[in-house]
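As structure tokens, the structure follows; a few thoughts come after it.
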Amino acid sequence: MSRFLRVTIAFVLGLIVLFSMSPAQAAPATDDVPSAAAVRVLRYDASRAAEFRTVVNQAAQVWNASVTNVQLVAGTPADFIVLADNGWPRAQVTSLGRGTIWMGRQATEQGYFPLRIATHEIGHILGLPDRRTGLCSDLMSGSSAPVSCTNANPSSAERAAVNRNFAGSTPDIEFGELYIDDVLVPTP
């Protein structure tokens, strides 16, 4: 066998091995079937959330059980931090999955359910705006729902919106703003 033929056969066999071992390519998404988004892990730091630390951890678990492409884990460096103070609960979202939450004691002193508050404020970090529907079934209805409301689970529409946000859709929230229930307060 000639040297040229041996080199050609070796080259062809090498290409066959190379292409057979390369990772499979996903089929392009169609309009009917969206492509699966990779799970994005967000770290949060609740070490300064005082008496709300446990409830913040519970709220993270509510979201983890509710959405498929984002997972919240306690840790640092954090994508968002949770603080406790005496004001009204609020969130400042700097970008999708990043910001600061204040677990204000004023709402719990008025009888609002702490787990609902924490889950609601994390909803802002996940790109959800306030919706003043007054319905207890809507997590993002905030204080427009009755004080007696203890639902801390996002609705199917809220879950779907978070999944869309972390799959590349544009969230319905203004970044860089301070969200105090439904009041949008510009930051300096």
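The values are calculated or read from the model by the stated rules, or taken from the named source; none is laboratory data. Note that this is a predicted model, so its numbers are computed, not measured. Note that we place each Cβ from the backbone using ideal geometry, even for glycine, and neighbour counts take in every protein chain shown.
Values as computed for the structure displayed
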| item | result |
| --- | --- |
| The stretch 163-183 - residue that is under 24 Å from ARG105 (Cα atoms) and surrounded by 13 or more Cβ atoms within 10 Å (Cβ to Cβ) and, of those, modelled with the lowest pLDDT | ASP182 |
| Enumeration of residues in the stretch 63-89 that are in contact (Cβ under 8 Å) with a residue 60 or more places away in the chain and either in contact with an Asp or Glu (Cβ under 6 Å, 6 or more places away or on another chain) or under 15 Å from MET103 (Cβ atoms) (or both) | TRP88, PRO89 |
| Boolean, HIS124 is modelled with pLDDT of 95 or more, part of a helix (DSSP H, G or I), in contact with a Leu (Cβ under 8 Å, 6 or more places away or on another chain) and over 16 Å from ARG40 (Cβ atoms) | no |
| Residue count, the stretch 137-162 (criterion: buried (at least 16 other Cβ atoms within 10 Å of the Cβ), in a loop (DSSP other than H, G, I, E, B), free of Cβ contacts under 8 Å to residues at least 60 places away in the same chain and not small (Gly, Ala, Ser)) | 3 |
